[in-house]
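Asker: Got a structure here, written out as structure tokens. Questions coming.
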Amino acid sequence: MHILVVGGGMGGTILANNLARRLSGELEQGSSKITMLSASDKHMYQPGLLYVAVGKMSTSELYRDQKSLLESSIDFHVDPVEKFDLDNNSVTTKSGKKISYDILCIATGSRGNAEGIPGLAENSCQFYTEADAVAMYKKLSKFEGGKVVVATGVPHKCPMSPLEITFFLIDYFKKRGIWDKVDLHYTYPIGRVHSLAPVAEWAAPEFDKEGVTYETLFNMKEVVPGKVISEEDSSAEFDLLVTVPPHKGMQVIEDNELGKGGFIPTDKKKLNMEGRDNVFVLGDTTNLPISKAGSTAHFEAEALGENIAAIVQMGEPVRDYDGKVFCFIEAGDGKATYAMFDYNNPPNPQAPTSGLHWFKTAYNRMYWASARGII
Amino acid sequence: MSSEITIQQQVDRFMQGAGDALTDDTVARLGFMMNELLIIADRVTRNKNIMKLLEMSETKDFAKMLDAMSVAFESYKESPATSGGIGGMLKVMSDPNVQGSLKLLGNFSKELNK
Ligand SMILES: Cc1cc2nc3c(=O)[nH]c(=O)nc-3n(C[C@H](O)[C@H](O)[C@H](O)COP(=O)(O)OP(=O)(O)OC[C@H]3O[C@@H](n4cnc5c(N)ncnc54)[C@H](O)[C@@H]3O)c2cc1C
């Protein structure tokens, strides 16, 4: 049985390692094989970008060699997939190799698409790539006060990042002693300050406490120098615009017509691509209406690992993914809280504590053990 | 008012003290160390060869081998340089301990070549 994992980010790596552990006997005997194809030989801890943008982490801390994170039984190649031929169970890579599989797992992730909104890329700071996070930090460090707007596009990865960047900005300006010279204004596309109602209920009073103003039902339509204009015909003026751009799936998914916007239609419980029994999708690449988060990819990978191993060993999957997501929320002032939810249970965030902030700080360094499938 | 403090208060004070003493940097370093230790422990415990080596290390033979190595090393350091030449070689070869050692090495290389 040949299992092909496309994508060596959070989801693909955790899944491949999980499978390599579960199928160690089959891999040793040669009756099964796991191949991973990815676009890079480096693995980035993406949540660290948020910290880089406010000078709390350095870029060198974000990376490890992908190979060092994988079980030695996984056959890893940096050779991105360009064509998916699902009817014939094969993919073609950039180098021109045609690779057949019995089971295919797609975890190619998502990317910010600031270009989708006229003027956004040119007039805003972002933190979704290393270059953008570093550029944002440089801009912040020269900022001496004025109007700062945080604006969010949908869908986007990391559901908590609009809130977290706002709390981090407050901390940053306070630390530099210029908070009294800053007017911080937060906008959000739906009718409350966060997509998850309990999180919104917790966050709005926190904003009030700090004097952060907010406007909801604000969907960015266009950005011109100094002004962001919404679909709802309102606008916000800024000296500094920080954005969480709307996201798309990867181009290769769109080019192969696997799903609209690069997001593949996926069964919410079994995580197979709709209409395909031997193609599974995880992480940001699914079209599931749940958070595009590392923890989502992690919990999906664990469910899938168990199911694919069961398919190899018994011919049938054994469990459903329950929609579990766990997100820390950095709340500024050295404190954090978290939101945990699944398909049936909404989150219930509690008052932030320093213990949870330390937990998150430690987790930022322990992520690599998590990618290896240890924690 | 009693000057005794309850266990809960002691725990709270301890936690507050620990909290005040910690910095983000300390926690990050501890996290980094935990990460590395977990990865090493995972590698070691799932590596059959290392586990076998650990098992072997508990046997008497293994201890004897380490002792023998250290004795041999010491006596090598202390022994005068050999005179060399065919005569010197014959003298060394006629030592029954040397013959036994060569036999052991021979068996080892036979196993490796299997
Ligand atoms: C600033 C920021 C903060 C975040 N904070 C958090 C947080 O606090 N908590 C949380 O849970 N999540 C957070 N996330 C989200 C989290 O990082 C992502 O949701 C997660 O990485 C998704 O995993 P994935 O495997 O789907 O995709 P990715 O991790 O993005 O991996 C995609 C992989 O696919 C590879 N690839 C791309 N194209 C191809 C191709 N054609 N062929 C083969 N391989 C390909 C890439 O090289 C990459 O290795 C954050 C993200 C960002 C950017």
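The values are calculated or read from the model by the stated rules, or taken from the named source; none is laboratory data. Because the structure is a prediction, the values reported are computed rather than measured. Reconstructed Cβ throughout: ideal geometry from the backbone, glycine too, with neighbour counts over all protein chains shown. Each accessible area value is taken on the protein alone, full model and side chains, heavy atoms only, with ligands, DNA and RNA left out. Shrake-Rupley method; radii C 1.70, N 1.55, O 1.52, S 1.80 Å.
Asker: Would you be able to say whether some residue in the range A:304-327 is hydrophobic (A, V, I, L, M, F, W, C), buried (at least 20 other Cβ atoms within 10 Å of the Cβ) and assigned to a strand (DSSP E or B)?
Answerer: Yes, the range A:304-327 contains at least one residue that is hydrophobic (A, V, I, L, M, F, W, C), buried (at least 20 other Cβ atoms within 10 Å of the Cβ) and assigned to a strand (DSSP E or B).
Asker: Would you kindly identify the helices (runs of 4 or more DSSP H) lying entirely within the range A:1-59 that contain at least 1 residues that are closer than 24 Å to A:Val244 by Cα?
Answerer: So the answer is A:10-22, A:48-53.
Asker: Does A:Ser68 fit the bill of being in the same structural domain as A:Gly30 (by TED's automatic domain parsing), assigned to a loop (DSSP other than H, G, I, E, B) and over 30 Å from A:Leu169 (Cα atoms)?
Answerer: Judged against the criteria, A:Ser68 is not a match.
Asker: Looking at A:Ser24, A:Ser40 in this structure, which one is surrounded by fewer than 18 Cβ atoms within 10 Å (Cβ to Cβ) and more than 15 Å from the ligand (Cβ to nearest atom)?
Answerer: Just one listed residue meets the conditions, A:Ser24.
Asker: Among the candidates A:Ala53, A:Ala16, A:Ala107, single out the residue that is near the ligand (Cβ under 9 Å from one of its atoms), away from chain B (no Cβ under 14 Å) and touching a Leu at 6+ places or on another chain (Cβ under 7 Å).
Answerer: Result of the check over A:Ala53, A:Ala16, A:Ala107: A:Ala107.
Asker: Give just the number: which of (1) under 30 Å from A:Gly334 (Cα atoms); (2) touching a Ser or Thr at 6+ places or on another chain (Cβ under 9 Å); (3) of a type in the set (Gly, Ala, Ser) does B:Gly17 not satisfy?
Answerer: Failed condition: (2).
Asker: Among the listed residues A:Gly109, A:Gly119, which satisfies the condition of being under 21 Å from A:Leu217 (Cα atoms) and either open to solvent by 10 Å² or more (accessible area, probe 1.4 Å) or out of contact with any strand residue (DSSP E or B) (no Cβ under 9 Å at 6 or more places or on another chain) (or both)?
Answerer: A:Gly119
Asker: Only one of these is among the basic types (Lys, Arg), out of contact with any Cys (no Cβ under 8 Å at 6 or more places or on another chain) and within 14 Å of chain B (Cβ to nearest Cβ): A:Lys268, A:Lys335. Name it.
Answerer: None of the others qualify; the one that does is A:Lys335.
Asker: Can you name every residue in the range A:129-154 that is outside any helix (DSSP H, G or I) and within 18 Å of A:Tyr186 (Cβ to Cβ)?
Answerer: A:Phe143, A:Gly145, A:Gly146, A:Lys147, A:Val148, A:Val149, A:Val150, A:Ala151, A:Thr152, A:Gly153, A:Val154
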